[in-house]
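The values are calculated or read from the model by the stated rules, or taken from the named source; none is laboratory data. Predicted model, so just to flag it, every value in this text is computed and none were measured. So basically every Cβ, Gly included, is an ideal-geometry build from the backbone, and we count neighbours across all protein chains shown. Side chains included, ligands, DNA and RNA excluded: accessible areas come from the protein's heavy atoms. Shrake-Rupley method; radii C 1.70, N 1.55, O 1.52, S 1.80 Å.
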Amino acid sequence: MTSPSLSARVLNGDVRAIARAISLIEDEAQAGAELIRQIFPRTGRAYLIGVTGAPGSGKSTLVDRLTVVIRKRGQTVGVVAVDPTSPFSGGAILGDRVRMQAHAGDAGVFIRSMATRGHLGGLARATSEVALVLDASGRDIVIIETVGVGQDEIDIVRTADVSVVTIVPGSGDEVQALKAGIMEIADIFVVNKADREGADRTVASIEANLSLQTFAAGEWRPPILQTEATTGRGVPELLEAIERFRAHTAASQGTRRRARAEYRLRELLAQRFVDHVERRVLDGGEFDRILDRIATREIDPYTAVDDIMKRAI
Ligand SMILES: Nc1nc2c(ncn2[C@@H]2O[C@H](COP(=O)(O)OP(=O)(O)OP(=O)(O)O)[C@@H](O)[C@H]2O)c(=O)[nH]1
Ligand SMILES: [Mg+2]
(Lines give C-alpha, C1' and ligand atoms only; values in the text may rest on other atoms or scores of the structure.)
(Ligands and ions follow the chains in the order given, each with its own letter.)
Protein backbone atom coordinates (compact mmCIF):
# COMPACT_ATOMS: atom_id res chain seq x y z
CA MET A 1 0.00 0.00 0.00
CA THR A 2 1.05 3.58 -0.60
CA SER A 3 0.51 5.81 2.33
CA PRO A 4 0.11 9.50 1.55
CA SER A 5 3.21 10.03 3.62
CA LEU A 6 5.30 8.03 1.15
CA SER A 7 4.56 10.47 -1.65
CA ALA A 8 5.10 13.38 0.71
CA ARG A 9 8.48 11.96 1.67
CA VAL A 10 9.37 11.42 -1.99
CA LEU A 11 8.49 15.04 -2.69
CA ASN A 12 10.79 16.03 0.16
CA GLY A 13 13.64 14.15 -1.48
CA ASP A 14 13.89 11.49 1.23
CA VAL A 15 16.28 8.92 -0.24
CA ARG A 16 14.74 5.92 1.53
CA ALA A 17 11.29 6.95 0.37
CA ILE A 18 12.58 7.24 -3.20
CA ALA A 19 14.00 3.71 -3.01
CA ARG A 20 10.72 2.41 -1.57
CA ALA A 21 8.69 4.20 -4.24
CA ILE A 22 10.80 2.66 -6.99
CA SER A 23 10.30 -0.81 -5.54
CA LEU A 24 6.54 -0.21 -5.56
CA ILE A 25 6.67 0.77 -9.20
CA GLU A 26 8.64 -2.35 -10.04
CA ASP A 27 6.61 -4.81 -7.99
CA GLU A 28 3.08 -3.60 -7.43
CA ALA A 29 1.19 -2.16 -10.36
CA GLN A 30 -1.67 -0.80 -8.25
CA ALA A 31 0.32 0.88 -5.52
CA GLY A 32 2.78 2.19 -8.09
CA ALA A 33 -0.02 3.75 -10.11
CA GLU A 34 -1.43 5.41 -6.99
CA LEU A 35 1.96 6.87 -6.15
CA ILE A 36 2.37 8.27 -9.67
CA ARG A 37 -1.05 9.91 -9.35
CA GLN A 38 0.04 11.63 -6.17
CA ILE A 39 3.40 12.89 -7.37
CA PHE A 40 2.59 13.65 -11.01
CA PRO A 41 1.56 17.28 -10.48
CA ARG A 42 5.01 17.96 -9.05
CA THR A 43 6.95 16.50 -11.96
CA GLY A 44 8.25 18.16 -15.12
CA ARG A 45 11.01 20.17 -13.51
CA ALA A 46 13.97 17.88 -14.02
CA TYR A 47 15.95 17.83 -17.26
CA LEU A 48 16.10 14.30 -18.69
CA ILE A 49 19.29 13.12 -20.33
CA GLY A 50 19.07 9.81 -22.22
CA VAL A 51 22.27 7.86 -22.81
CA THR A 52 22.26 4.86 -25.08
CA GLY A 53 24.73 2.75 -27.02
CA ALA A 54 25.98 -0.77 -27.54
CA PRO A 55 26.53 -3.07 -24.53
CA GLY A 56 29.88 -2.34 -22.95
CA SER A 57 30.42 0.94 -24.81
CA GLY A 58 31.10 2.64 -21.48
CA LYS A 59 27.70 4.19 -20.76
CA SER A 60 27.78 3.56 -17.01
CA THR A 61 31.34 4.83 -16.68
CA LEU A 62 30.43 7.90 -18.71
CA VAL A 63 27.25 8.55 -16.72
CA ASP A 64 29.21 8.33 -13.46
CA ARG A 65 31.75 10.86 -14.76
CA LEU A 66 29.04 13.13 -16.05
CA THR A 67 27.37 12.95 -12.65
CA VAL A 68 30.55 14.15 -10.99
CA VAL A 69 30.80 17.13 -13.35
CA ILE A 70 27.14 18.03 -12.84
CA ARG A 71 27.54 17.79 -9.06
CA LYS A 72 30.49 20.20 -9.23
CA ARG A 73 28.08 22.70 -10.69
CA GLY A 74 25.83 22.24 -7.69
CA GLN A 75 22.98 20.38 -9.35
CA THR A 76 21.51 17.15 -7.99
CA VAL A 77 21.36 13.98 -10.07
CA GLY A 78 19.20 10.87 -10.30
CA VAL A 79 20.28 7.98 -12.49
CA VAL A 80 18.11 5.15 -13.72
CA ALA A 81 20.09 2.51 -15.56
CA VAL A 82 18.42 -0.27 -17.46
CA ASP A 83 20.82 -3.06 -16.78
CA PRO A 84 20.98 -5.97 -19.17
CA THR A 85 22.34 -8.16 -16.41
CA SER A 86 20.20 -11.14 -15.57
CA PRO A 87 17.81 -10.35 -12.71
CA PHE A 88 18.71 -13.71 -11.23
CA SER A 89 22.38 -12.98 -10.72
CA GLY A 90 21.72 -9.92 -8.61
CA GLY A 91 24.07 -8.08 -10.93
CA ALA A 92 22.01 -4.93 -11.08
CA ILE A 93 22.04 -4.44 -7.33
CA LEU A 94 25.70 -5.26 -7.05
CA GLY A 95 26.37 -2.77 -9.84
CA ASP A 96 24.45 -0.09 -7.95
CA ARG A 97 26.52 -0.64 -4.83
CA VAL A 98 29.75 -0.29 -6.74
CA ARG A 99 28.48 2.80 -8.51
CA MET A 100 27.13 4.43 -5.37
CA GLN A 101 30.54 4.03 -3.77
CA ALA A 102 31.94 6.35 -6.40
CA HIS A 103 29.60 9.02 -4.99
CA ALA A 104 29.81 7.86 -1.39
CA GLY A 105 28.36 10.25 1.13
CA ASP A 106 26.85 12.47 -1.55
CA ALA A 107 23.09 12.68 -0.99
CA GLY A 108 22.87 14.66 -4.21
CA VAL A 109 23.31 11.48 -6.25
CA PHE A 110 20.80 8.66 -6.46
CA ILE A 111 21.46 5.66 -8.72
CA ARG A 112 19.06 2.84 -9.43
CA SER A 113 19.39 -0.04 -11.87
CA MET A 114 16.50 -1.93 -13.31
CA ALA A 115 16.94 -5.46 -14.52
CA THR A 116 15.47 -5.94 -17.97
CA ARG A 117 13.01 -8.59 -16.88
CA GLY A 118 10.46 -9.04 -14.20
CA HIS A 119 8.50 -5.80 -14.37
CA LEU A 120 4.79 -5.52 -14.18
CA GLY A 121 3.63 -3.91 -17.36
CA GLY A 122 6.90 -3.47 -19.13
CA LEU A 123 10.31 -2.04 -18.75
CA ALA A 124 9.63 1.15 -20.65
CA ARG A 125 6.82 2.06 -18.31
CA ALA A 126 8.86 1.22 -15.22
CA THR A 127 11.81 3.25 -16.47
CA SER A 128 9.80 6.34 -17.28
CA GLU A 129 8.00 6.12 -13.96
CA VAL A 130 11.23 5.82 -12.04
CA ALA A 131 12.34 8.94 -13.88
CA LEU A 132 9.13 10.63 -12.70
CA VAL A 133 9.87 9.67 -9.09
CA LEU A 134 13.38 11.12 -9.34
CA ASP A 135 11.97 14.24 -10.98
CA ALA A 136 9.33 14.65 -8.25
CA SER A 137 11.97 14.18 -5.58
CA GLY A 138 13.59 17.39 -6.78
CA ARG A 139 16.55 16.08 -8.74
CA ASP A 140 17.70 18.76 -11.17
CA ILE A 141 18.99 16.26 -13.72
CA VAL A 142 17.73 12.75 -14.36
CA ILE A 143 19.91 10.49 -16.49
CA ILE A 144 18.41 7.44 -18.14
CA GLU A 145 20.95 4.88 -19.31
CA THR A 146 19.82 2.07 -21.60
CA VAL A 147 21.42 -0.34 -24.02
CA GLY A 148 20.56 0.70 -27.55
CA VAL A 149 18.99 -2.54 -28.59
CA GLY A 150 15.29 -3.03 -28.92
CA GLN A 151 12.62 -0.52 -29.82
CA ASP A 152 11.54 0.04 -26.21
CA GLU A 153 15.00 1.09 -25.10
CA ILE A 154 15.35 3.38 -28.09
CA ASP A 155 11.94 4.94 -27.43
CA ILE A 156 12.86 5.56 -23.81
CA VAL A 157 15.92 7.51 -24.83
CA ARG A 158 14.30 9.23 -27.78
CA THR A 159 11.74 10.82 -25.50
CA ALA A 160 14.31 12.20 -23.03
CA ASP A 161 14.98 15.93 -23.33
CA VAL A 162 18.32 15.15 -24.96
CA SER A 163 19.61 11.86 -26.41
CA VAL A 164 23.29 11.01 -26.20
CA VAL A 165 24.51 8.05 -28.26
CA THR A 166 27.80 6.38 -27.33
CA ILE A 167 29.89 4.62 -29.97
CA VAL A 168 33.20 2.80 -29.58
CA PRO A 169 36.09 3.04 -32.07
CA GLY A 170 36.82 0.14 -34.33
CA SER A 171 33.89 -1.94 -33.16
CA GLY A 172 31.78 -1.64 -36.25
CA ASP A 173 29.35 0.05 -33.85
CA GLU A 174 28.61 2.80 -36.34
CA VAL A 175 27.17 0.26 -38.73
CA GLN A 176 25.27 -1.49 -35.95
CA ALA A 177 23.92 1.83 -34.71
CA LEU A 178 22.75 2.69 -38.19
CA LYS A 179 20.92 -0.59 -38.49
CA ALA A 180 19.32 -0.31 -35.09
CA GLY A 181 18.08 3.18 -35.84
CA ILE A 182 19.98 4.84 -33.04
CA MET A 183 21.86 7.18 -35.37
CA GLU A 184 18.61 9.01 -36.03
CA ILE A 185 17.82 9.62 -32.40
CA ALA A 186 21.21 11.12 -31.48
CA ASP A 187 21.28 14.77 -30.48
CA ILE A 188 24.90 14.32 -29.46
CA PHE A 189 27.34 11.62 -30.55
CA VAL A 190 30.00 10.48 -28.14
CA VAL A 191 32.89 8.41 -29.39
CA ASN A 192 33.90 6.89 -26.06
CA LYS A 193 37.10 4.93 -25.40
CA ALA A 194 38.84 7.60 -27.47
CA ASP A 195 42.10 6.29 -26.03
CA ARG A 196 41.68 3.39 -28.40
CA GLU A 197 43.02 3.02 -31.90
CA GLY A 198 40.72 4.37 -34.59
CA ALA A 199 38.75 7.03 -32.71
CA ASP A 200 39.36 9.60 -35.44
CA ARG A 201 38.18 7.20 -38.12
CA THR A 202 35.00 6.57 -36.15
CA VAL A 203 34.39 10.31 -35.85
CA ALA A 204 34.96 10.61 -39.61
CA SER A 205 32.49 7.87 -40.44
CA ILE A 206 29.77 9.40 -38.25
CA GLU A 207 30.57 12.74 -39.81
CA ALA A 208 30.27 11.22 -43.30
CA ASN A 209 26.89 9.87 -42.35
CA LEU A 210 25.72 13.21 -40.96
CA SER A 211 26.83 14.99 -44.10
CA LEU A 212 24.30 12.95 -46.07
CA GLN A 213 21.54 14.62 -44.11
CA THR A 214 20.39 18.14 -44.69
CA PHE A 215 19.98 20.49 -41.78
CA ALA A 216 17.85 23.58 -42.10
CA ALA A 217 19.37 26.92 -41.14
CA GLY A 218 19.30 27.17 -37.36
CA GLU A 219 18.54 23.46 -36.98
CA TRP A 220 20.61 21.56 -34.43
CA ARG A 221 23.33 19.49 -36.04
CA PRO A 222 24.48 16.73 -33.68
CA PRO A 223 28.08 17.34 -32.60
CA ILE A 224 30.50 14.43 -32.37
CA LEU A 225 32.57 14.44 -29.19
CA GLN A 226 35.36 12.20 -28.03
CA THR A 227 35.52 11.00 -24.45
CA GLU A 228 37.59 8.70 -22.33
CA ALA A 229 35.14 7.84 -19.61
CA THR A 230 37.67 5.94 -17.50
CA THR A 231 39.74 9.11 -16.97
CA GLY A 232 36.99 11.67 -17.47
CA ARG A 233 38.67 13.30 -20.46
CA GLY A 234 36.15 15.10 -22.65
CA VAL A 235 33.33 14.80 -20.12
CA PRO A 236 33.11 18.52 -19.21
CA GLU A 237 32.84 19.19 -22.96
CA LEU A 238 29.99 16.69 -23.14
CA LEU A 239 28.11 18.56 -20.41
CA GLU A 240 28.73 21.81 -22.30
CA ALA A 241 27.29 20.26 -25.46
CA ILE A 242 24.25 19.10 -23.49
CA GLU A 243 23.79 22.62 -22.15
CA ARG A 244 24.13 24.10 -25.63
CA PHE A 245 21.48 21.67 -26.84
CA ARG A 246 19.24 22.57 -23.94
CA ALA A 247 19.52 26.27 -24.72
CA HIS A 248 19.07 25.67 -28.43
CA THR A 249 15.91 23.62 -27.95
CA ALA A 250 14.39 25.53 -25.04
CA ALA A 251 11.51 26.69 -27.23
CA SER A 252 10.75 23.22 -28.59
CA GLN A 253 11.19 21.31 -25.35
CA GLY A 254 7.43 21.24 -24.90
CA THR A 255 7.02 19.35 -28.18
CA ARG A 256 9.46 16.73 -27.05
CA ARG A 257 7.75 16.35 -23.70
CA ARG A 258 4.43 16.06 -25.43
CA ALA A 259 5.88 13.21 -27.50
CA ARG A 260 6.97 11.59 -24.26
CA ALA A 261 3.49 11.97 -22.80
CA GLU A 262 2.00 10.52 -25.97
CA TYR A 263 4.31 7.54 -25.86
CA ARG A 264 3.39 6.88 -22.23
CA LEU A 265 -0.30 7.36 -22.76
CA ARG A 266 -0.42 5.01 -25.74
CA GLU A 267 1.65 2.42 -23.96
CA LEU A 268 -0.49 2.54 -20.84
CA LEU A 269 -3.70 2.46 -22.81
CA ALA A 270 -2.57 -0.54 -24.85
CA GLN A 271 -1.43 -2.36 -21.76
CA ARG A 272 -4.67 -1.68 -19.87
CA PHE A 273 -6.75 -2.71 -22.83
CA VAL A 274 -4.91 -6.01 -23.29
CA ASP A 275 -5.20 -6.63 -19.54
CA HIS A 276 -8.91 -5.98 -19.70
CA VAL A 277 -9.33 -8.34 -22.65
CA GLU A 278 -7.34 -11.11 -21.01
CA ARG A 279 -9.06 -10.81 -17.67
CA ARG A 280 -12.61 -9.77 -18.41
CA VAL A 281 -13.37 -10.61 -22.01
CA LEU A 282 -11.74 -13.94 -22.72
CA ASP A 283 -12.52 -17.11 -20.80
CA GLY A 284 -9.72 -18.91 -19.03
CA GLY A 285 -7.42 -20.52 -21.56
CA GLU A 286 -9.20 -18.90 -24.48
CA PHE A 287 -6.18 -16.81 -25.49
CA ASP A 288 -4.16 -20.01 -25.89
CA ARG A 289 -6.93 -21.68 -27.83
CA ILE A 290 -7.03 -18.73 -30.24
CA LEU A 291 -3.28 -19.04 -30.68
CA ASP A 292 -3.70 -22.75 -31.47
CA ARG A 293 -6.32 -21.95 -34.10
CA ILE A 294 -4.03 -19.36 -35.67
CA ALA A 295 -1.18 -21.89 -35.69
CA THR A 296 -3.33 -24.42 -37.55
CA ARG A 297 -4.52 -21.71 -39.97
CA GLU A 298 -8.11 -22.24 -38.86
CA ILE A 299 -8.39 -18.51 -38.25
CA ASP A 300 -6.23 -15.50 -39.20
CA PRO A 301 -5.04 -12.95 -36.63
CA TYR A 302 -7.15 -10.12 -38.07
CA THR A 303 -10.36 -12.08 -37.76
CA ALA A 304 -9.36 -13.14 -34.26
CA VAL A 305 -8.77 -9.54 -33.21
CA ASP A 306 -12.03 -8.39 -34.83
CA ASP A 307 -13.92 -11.01 -32.84
CA ILE A 308 -12.25 -10.00 -29.59
CA MET A 309 -12.85 -6.29 -30.25
CA LYS A 310 -16.53 -6.90 -30.85
CA ARG A 311 -16.82 -8.65 -27.52
CA ALA A 312 -14.68 -6.11 -25.67
CA ILE A 313 -16.50 -2.96 -26.73
N1 LIG B 1 39.83 2.00 -22.53
C2 LIG B 1 38.67 2.49 -22.11
N3 LIG B 1 37.82 1.68 -21.45
C4 LIG B 1 36.64 2.19 -21.04
C5 LIG B 1 36.29 3.54 -21.30
N6 LIG B 1 35.05 3.74 -20.80
C7 LIG B 1 34.65 2.59 -20.25
N8 LIG B 1 35.61 1.65 -20.39
C9 LIG B 1 35.55 0.26 -19.93
O10 LIG B 1 34.59 -0.46 -20.68
C11 LIG B 1 33.96 -1.45 -19.87
C12 LIG B 1 32.45 -1.30 -19.95
O13 LIG B 1 32.10 -0.08 -19.32
P14 LIG B 1 30.64 0.21 -18.79
O15 LIG B 1 30.63 1.60 -18.31
O16 LIG B 1 30.20 -0.84 -17.84
O17 LIG B 1 29.82 0.05 -20.14
P18 LIG B 1 28.25 0.04 -20.34
O19 LIG B 1 28.00 0.59 -21.70
O20 LIG B 1 27.56 0.69 -19.21
O21 LIG B 1 27.95 -1.51 -20.32
P22 LIG B 1 26.51 -2.23 -20.21
O23 LIG B 1 25.69 -1.46 -19.22
O24 LIG B 1 26.84 -3.61 -19.78
O25 LIG B 1 25.95 -2.18 -21.61
C26 LIG B 1 34.51 -1.27 -18.47
O27 LIG B 1 35.53 -2.22 -18.27
C28 LIG B 1 35.07 0.13 -18.49
O29 LIG B 1 36.12 0.31 -17.58
C30 LIG B 1 37.24 4.37 -21.99
O31 LIG B 1 37.01 5.56 -22.25
N32 LIG B 1 38.39 3.78 -22.37
MG1 LIG C 1 25.96 -0.01 -17.94
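Among F40, F189, F110, the largest mean-square fluctuation in a Gaussian network model of the chain, built with springs joining Cα atoms closer than 10 Å, belongs to F40. Remark: the E243-L268 segment gains 5.8 nm on full extension, using 0.36 nm per residue and subtracting the alpha carbon distance. For the stretch 205-259, the ratio of Cα radius of gyration to the globular rule of thumb 2.2 N^0.38 Å stands at 1.36.
Its alpha carbons give the stretch 217-313 an Rg and a Dmax of 24.1, 62 Å. Radius of gyration over Kirkwood radius for the chain, both on Cα atoms: the Rg/Rh ratio is 1.01.
Once both labels are positioned 7 Å from their Cα atoms along Cα-to-Cβ, the gap between A102 and R293 label points is 5.4 nm. In this calculation the C-beta distance from D200 to R71 is compared with R0 = 30 Å, giving a FRET efficiency of 0.45. Helix 29-39 and the longest principal axis of the Cα set of the chain meet at an angle near 50°. Within the accessible area of the stretch 130-258, the carbon and sulfur atoms contribute 51%, probe 1.4 Å, all protein chains present. For the chain, the dipole from Cβ point charges (+1 on Lys and Arg, -1 on Asp and Glu) about the Cα centre works out to 900 debye, to the nearest 20. Looking at the chain alone, DSSP beta bridges between its own residues are antiparallel in about 5 percent of cases. Between T230 and D275, the modelled labels are 4.5 nm apart [label points 7 Å from Cα along Cα→Cβ]. The residues neighbouring G50, those whose beta-carbon lies less than 12 Å from its own, together hold a net charge of -1 under the Lys/Arg +1, Asp/Glu -1 convention. Taken about its Cα centre, the stretch 20-80 carries a charge dipole of about 500 debye when Lys and Arg each add +1 at the Cβ and Asp and Glu each add -1 at the Cβ.
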